[in-house]
């Protein structure tokens, strides 16, 4: 994993400050369309400035790492997942209006499983993960009985939305 950090402190930005293409990439990621997601995030990354640039790069590396995992490319998956985790590490848990803490944790579980199972078992690991289908996991790196799935990008609620004010907010 990389220890690179963005040039500026990664302070939270509101979800509505991100372009629609970002949310398109999020939807593609969550549908397991990792190659298309990579294209969406890469288009944003090439035009962005710090600290958004490193944020987009981390997300696109995560997508490409999962794409490599689906193609049984252990080296590509392990390298890019590690890079993605490192790039996303310094960001606030609500940066860009998404839940980064669980995303980082899920990515790290997959990265650890890749290293635990090794190159020769990458196809089995990809199959066990089902590219987005949760499975019952009993590996020693995961709590017994804990369900493990490929990471998902989850939008965070907007703190300016007050529940009970007639607005349903994020339900």
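Laboratory data are not the source of any read-out in this text; all were calculated from the coordinates shown. Predicted model, so just to flag it, every value in this text is computed and none were measured. In this analysis, Cβ positions are derived from the backbone assuming ideal geometry, glycine residues included, and neighbour counts consider all displayed protein chains.
Mind pulling the per residue volume of the convex hull built on the Cα atoms of region 15-148? Å³ is fine.
Details: hull volume 13.2 nm³, N = 134.
Per-residue hull volume (Cα only) is 98 Å³.
Based on the Cβ-Cβ distance of residue 128 and residue 39, what FRET efficiency does E = 1/(1 + (r/R0)^6) give at R0 = 22 Å, to the nearest 0.05? Each step should come with its number before you reach the end.
Values: r = 27 Å, r/R0 = 1.24.
Plugging the Cβ-Cβ distance into 1/(1 + (r/R0)^6) gives 0.20.
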